[in-house]
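Quick one: the structure is below, and I'll ask about it shortly.
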Amino acid sequence: MTLNVARIPRNTARHLTQYRDDWHHLAEHQEGYMSGFDAHHDLRRAAWEEFERIGFPVHRRDNELWKYTDLRQIDRIGFRFGDWDTQVDLARIAELVPMPEEWSNLVFINGSLEHNSGNAPLTRIQACDWVGKLADYRSNGFVSLATAFMRIRGGSYLQFDRAREYAEPVHIIHVIDGSVGGPIVDNPRIAVEMGDSSRATLIESYVSLSEDVHMTLPVVEIKLGEGAELTHYRYQYNSENSYHFATTRVLQEASSNYRSTSFSVGSDIGRNDVFTHLIGEYAESILHGVYLATNQQHQDNEISTTHAAPHCTSDQYYKGILSGQSRAVFSGKITVERGAQKTDANQKDLNLLLSHGAEVDTKPSLEIYADDVKCGHGATAGYVDEDTLFYLQSRGVDYDTAQAMLIRGFAAEILDEYEDQILREFLEGKLDELMPALQETSDTIGTA
């Protein structure tokens, strides 16, 4: 495969020209990448050609999907893959994420599966003949790059049998360990196929063992058969020197139920792009999450649902907590296609601003092409007023504790949706750990 720099936009051409040796090194060290012997060779080649064409979405003018997110700093970094020959320190990883023995824990280090416990229905990614069908590599440069460098050893294909309930959660943990001592890129690939009437719980976790600069490009594709139910928890807590761009695509058949809850914090720039497509009657999509940012961190949420069949239900509900000079973006969209009568759809984004320097751009939207529907949307951003703080202090609660109680109370509604007690208590503890940083850069609680 050759790099045709002449076809690349100027900004991307400069980037790839400077680091073309690194990109060739990455390609040559992927099993079957150049030989074309694996099932996804054509897909990766097409994705690479698309990345050559479009590059990263660094130009924000007339680009609504990236209007509020500045990516120019990423385009100047020469990333490479981390070392696959890494010693797994499970004890250290267990300090960052819960790994109870009753779960099926799959641990990936720098993109390579290094530990597998439990009975997860795991198959090598090349066995999935529909990978790349839901997450279109033409959608943006991050998906095209992740698809172009999709690793055979680094992919997860989970097949849940028909009419079976999987009691133990499947926990996929992606860890960056910084073994190469430089900017690392990791592109996890997860494909989940739920058989008719099957039930399962999937947990995604993304953590860092290194403070070195790194970028993670997860792409998750999920197919739910008729009556299937998937509870999907997502925990993203990379270091502050990281960039995280996640893409999730879900296709739902009749009477299926998809429930997603996310907890996002840490990255310099983090983006959670989720799209659910309801193609069967009585399908239900629940997309909820909480995101936290401080200092100059940036959290971006692109959340969308398309109702393509009657009698479907969807709910988007996100909460943001921002402090310091941080910034957040929420772009939510619900589309009701012609014929999708009796749709019930709701969308809401609420933000708690803890400092005058924090900023949120929120854009909920509805596109409705049916006439018998119930849809609503809304967004708010505001401060905690002094009366609320004074009420707690008047009952003997000290100032710092009162602040923390208000912040916890705001996030609790989403955290309570983590039904697994181990995971919920873990995330509550993480919020407590973040509390001093949030409070230190706060200057609005009790002032407005």
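Quick note: the coordinates plus some simple rules give every number you see, no bench work behind them. Everything numeric here is computed off the predicted structure, so don't read it as measured data. Cβ atoms come from the backbone with ideal geometry, glycine included; neighbour counts cover every protein chain shown.
Among DSSP beta bridges whose residues both lie in the stretch 57-382, state the antiparallel percentage, nearest 5.
5
Can you give the direction-averaged projected area of the convex hull of the alpha-carbon atoms in the stretch 60-124, in nm²?
The orientation-averaged projected area of the Cα hull of the stretch 60-124 comes to 7.8 nm².
With the dipole of the stretch 326-448 worked out from charges on the C-beta (+1 for Lys and Arg, -1 for Asp and Glu) around the Cα centre, which of Q393, G378, T441 lies farthest toward the positive end?
So the residue we want is G378.
Can I ask one more? By its C-alpha gyration tensor, with a ≥ b ≥ c as the square roots of the eigenvalues, how is the chain shaped: rounded for a/c under 1.5, else prolate for a/b larger than b/c, else oblate?
It comes out rounded by the Cα gyration axes.
Sticking with this structure for a sec: Picking from S262, V185, G332, whose Cα lies most toward the positive end of the charge dipole for the stretch 57-382 (charges on Cβ: Lys, Arg +1; Asp, Glu -1)?
Going by the charge dipole, the pick is G332.
Cα centroids of the stretch 65-132 and the stretch 313-349: how far apart, whole angstrom?
The stretch 65-132 and the stretch 313-349 have Cα centres spaced 27 Å from each other.
Taking the Cα centre of the stretch 57-382 as origin, sum charge times position over the Cβ atoms of Lys and Arg (+1) and Asp and Glu (-1), and report the length of that vector in debye to the nearest 20.
Charge dipole of the stretch 57-382: 600 debye, to the nearest 20.
Another question, if that's okay. Taking 20 Å as the cut-off for C-alpha to C-alpha distance, list the pairs among K319/K430; K133/K374; K67/K363; K133/K223; K348/K374; K319/K348 that go past it.
In this structure, K133/K374 lie more than 20 Å apart at Cα.
Which residue, chosen from L406, H115, Q347, occupies the Cα position most advanced towards the positive end of the dipole of the chain, where the dipole is computed from +1 (Lys, Arg) and -1 (Asp, Glu) charges on Cβ about the Cα centre?
Q347
Something else about it: So, by mean Cβ neighbours within 10 angstrom, what's the order for 41-51, 412-422, 293-303 with the highest one leading?
For the peptides 41-51, 412-422, 293-303, the packing ranking is 293-303, 41-51, 412-422.
Next question. Mind checking the stretch 339-429 for trypsin sites (Lys or Arg not before Pro) that DSSP puts in a loop (not H, G, I, E or B) and that have at most 16 other Cβ atoms within 10 Å?
Sparse-neighbourhood loop trypsin sites (Lys or Arg not before Pro): K342, R395.
Just in the stretch 116-208: which chymotrypsin sites (Phe, Trp or Tyr not before Pro) are loop by DSSP and have at most 15 other Cβ atoms within 10 Å?
W130
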